[in-house]
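Visitor: Please read through the structure below; I'll follow up with questions.
The values are calculated or read from the model by the stated rules, or taken from the named source; none is laboratory data. Not measured: the values here are computed from a predicted model. Neighbour counts are summed over all protein chains in view; Cβ atoms, including those assigned to glycine, are modelled from backbone coordinates with ideal geometry. Heads up: the accessible areas ignore ligands, DNA and RNA and are worked out on the full protein's heavy atoms, side chains in. Shrake-Rupley method; radii C 1.70, N 1.55, O 1.52, S 1.80 Å.
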Amino acid sequence: MYPDGNIVAGYIPGAEPKGILLESGPAELADVRNAQQLAAIVDKYRIDTIYNLAALLSAVAERKPLLAWDIQMNGLINILEVAREKGCAVFTPSSIGSFGPETPHMNTPQDTIQRPRSMYGVTKVATELLSDYYFHKYGVDTRSVRFPGLISNVTLPGGGTTDYAVEIYYAAVKGEEFVCPIAAGTYMDMMYMPDALKAAVDIMNADPSRLIHRNSFNIASMSFDPEILYNKIRETYPDFKMRYEVDPVRQAIADSWPDKMDDSCARAEWDWKPTYGLDEMTADMIACLKKKFNL
Ligand code: VAH
């Protein structure tokens, strides 16, 4: 969609891009906690839109709450200030993690109570509010979505509550027993990464005059528990084994999150529509992982 050179990958020390990410265009050291560094990159490449994906995911954030706050909130205010000064649009994703135990779990409304008890969730609610503040106060074009648990065939997950939904595929393809940290019956919104990327691009290209909401839209595609996912994978690997060793920290977080969000506002305001369901995602994940491991 965007010619070479039109997208600059920001990275932090120790996460230097390699492979296709390095070959696909320019990359710059971009620590969101360094406002001068961000401003210099925006000037150098004449950036018009910033995708701010810097965050500690839910389980890691419970182990490092102050670092999570620093990255998610001090980082965000730096991004928003640079965007205000330079005229950039900003996408900083929220998450199903922005909801809490009092939020309706089924068909979670776009506008509803948000009292998360995880540091990750607190930063995501604050992210939504701060992003809307910069739009209403300064006219910064901030828009974002509440991502479900994202499932990628490219990158291993980074310490979230929904990581099991990625790791289970790796175990199945490698012929290993999977030890599931989330209990049977725990439903969460999930999404295949191609749909998440489509949503992130489509929302920033949407007609702003149609937007009633901005930060952040519920987007949904699948809702399943570990049993449903395990039985789907066993249609391809009948001998695949799974057992449960519930992680109390991640289970408590998962129990506080919705089972399934209502995404009717995203569909009405910018034509959101997912492409991948559980069958299509499972077929593509297994095909990609078999190719990755030459199996
Ligand atoms: C996490 N994958 O588990 C992330 C995400 C919806 C969950 O925010 O923390």
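Visitor: Please verify whether the range 164-173 includes one or more residues that are among the aromatic types (F, W, Y) and open to solvent by 30 Å² or more (accessible area, probe 1.4 Å).
Guide: No, every residue in the range 164-173 fails to be among the aromatic types (F, W, Y) and open to solvent by 30 Å² or more (accessible area, probe 1.4 Å).
Visitor: Within the range 176-215, can you find the residues that are open to solvent by 20 Å² or more (accessible area, probe 1.4 Å) and either among the aromatic types (F, W, Y) or free of Cβ contacts under 8 Å to residues at least 60 places away in the same chain (or both)?
Guide: Across the range 176-215, the qualifying residues are E176, G185, Y187, M193, L197, N205, S209, I212.
Visitor: Right, something else. Give me a count of the residues in the range 1-47 that are under 25 Å from E81 (Cα atoms), surrounded by fewer than 13 Cβ atoms within 10 Å (Cβ to Cβ) and in contact (Cβ under 8 Å) with a residue 24 or more places away in the chain.
Guide: 1
Visitor: Would you mind telling me which numbered condition in (1) farther than 20 Å from T142 by Cβ; (2) assigned to a loop (DSSP other than H, G, I, E, B); (3) open to solvent by 10 Å² or more (accessible area, probe 1.4 Å) V60 fails?
Guide: The one condition V60 does not meet is (2).
Visitor: Go through the residues of the range 201-210 one by one and say whether even a single one is closer than 15 Å to Y230 by Cβ and among the aliphatic types (A, V, I, L, M).
Guide: No - not one qualifying residue is present in the range 201-210.
Visitor: Test each condition in (1) open to solvent by 20 Å² or more (accessible area, probe 1.4 Å); (2) in contact (Cβ under 8 Å) with a residue 12 or more places away in the chain; (3) assigned to a loop (DSSP other than H, G, I, E, B) for R243 and report the one that comes out false.
Guide: (3)
Visitor: With the requirement that a residue be more than 16 Å from the ligand (Cβ to nearest atom) and open to solvent by less than 40 Å² (accessible area, probe 1.4 Å), what does the range 246-265 give you?
Guide: Correct list: C265 only.
Visitor: Run Y237 past the list (1) assigned to a helix (DSSP H, G or I); (2) of a type in the set (S, T, Y); (3) open to solvent by 30 Å² or more (accessible area, probe 1.4 Å) and report the number of the one that doesn't hold.
Guide: (1)
Visitor: Let me ask you something else. Please note which strands (runs of 3 or more DSSP E) are completely contained in the range 78-194 and include at least 3 residues that are within 10 Å of the ligand (Cβ to nearest atom).
Guide: Qualifying strands (runs of 3 or more DSSP E): 149-151, 188-192.
Visitor: Against the conditions (1) within 13 Å of the ligand (Cβ to nearest atom); (2) among the β-branched types (V, I, T); (3) touching a Lys or Arg at 6+ places or on another chain (Cβ under 8 Å); (4) part of a helix (DSSP H, G or I), where does I203 fall short? Just the number, please.
Guide: Here I203 clears every test but (1).
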